Amino acid sequence: MLRRVLARRVERRCRSRDEAADVHAGLIAETVARAQRAGLIDDARFAAARLATLRRRGASTRQARAKLSEKGIDADTIRAAMSDERQEAEDADAEADTERQAALAYARRRRLGPHRPPGAREANRERDLAAMARAGFPYALARAVIGAATDEEE
């Protein structure tokens, strides 16, 4: 991500000065390497923090994986971050199903299922299930979350 940001800035500046941006490629690589050596760049820590944020906002595993990949995190680091997340949930004696917690957060944030007014729930059931599916949640989980009678049943 740092490399992309620096390249964008260099390109914008070179465009305004009618210079070639390729000349500065070595400087960008050197800056990124120096930041890595100094410990300022840690993909694993970034992936873990970003994953926690995405989960709080209600991102499914598929969606979180895609968003982390979009940020330039490699597949092994993503897999490790998700494994660590599951392990921490199990160690803390919390509900180990992070996917279910994310689905509940998504439904709450989007006001789906049990978070709709009682009269509008049944009329919007299929729409709510479709929203959960588009967000990447499995059908069985989406059906359980949308079909919960109240917040307490979740």
> Which fully enclosed helices (runs of 4 or more DSSP H) of the range 1-71 have 3 or more residues being at pLDDT 90 or above and under 30 Å from residue 145 (Cβ atoms)?
Replying inline: 43-57, 61-70
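Name the one entry in 48, 89 that is touching a residue at least 24 places away in the same chain (Cβ under 8 Å) and within 25 Å of residue 107 (Cβ to Cβ).
Details: 89 fails: touching a residue at least 24 places away in the same chain (Cβ under 8 Å).
Unique residue meeting the criteria: 48.
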>> Looking at the structure I just gave you, is residue 146 within 30 Å of residue 1 (Cα to Cα) and modelled with pLDDT of 90 or more?
In response: no
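Please indicate, with yes or no, whether at least one residue in the range 86-93 is of a type in the set (Gly, Ala, Ser) and open to solvent by 50 Å² or more (accessible area, probe 1.4 Å).
yes
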> Just to be sure, is residue 139 open to solvent by less than 50 Å² (accessible area, probe 1.4 Å) and not acidic (Asp, Glu)?
Replying inline: no
> Any residue in the range 33-45 that is within 19 Å of the chain's Cα centre (by Cα) and closer than 25 Å to residue 97 by Cβ?
Replying inline: yes
> What number of residues in the range 106-127 are crowded, with 17+ Cβ neighbours inside 10 Å and under 20 Å from residue 54 (Cα atoms)?
Replying inline: 3
> From the list 65, 13, 57, which one is more than 18 Å from the chain's Cα centre (by Cα), open to solvent by 60 Å² or more (accessible area, probe 1.4 Å) and not acidic (Asp, Glu)?
Replying inline: 13
> Can residue 27 be described as over 30 Å from residue 135 (Cβ atoms) and open to solvent by 60 Å² or more (accessible area, probe 1.4 Å)?
Replying inline: yes
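The values are calculated or read from the model by the stated rules, or taken from the named source; none is laboratory data. Note that this is a predicted model, so its numbers are computed, not measured. Every residue, glycine as well, gets a Cβ built from its backbone with ideal geometry; the counts of neighbours run over all protein chains shown. Side chains included, ligands, DNA and RNA excluded: accessible areas come from the protein's heavy atoms. Shrake-Rupley method; radii C 1.70, N 1.55, O 1.52, S 1.80 Å.
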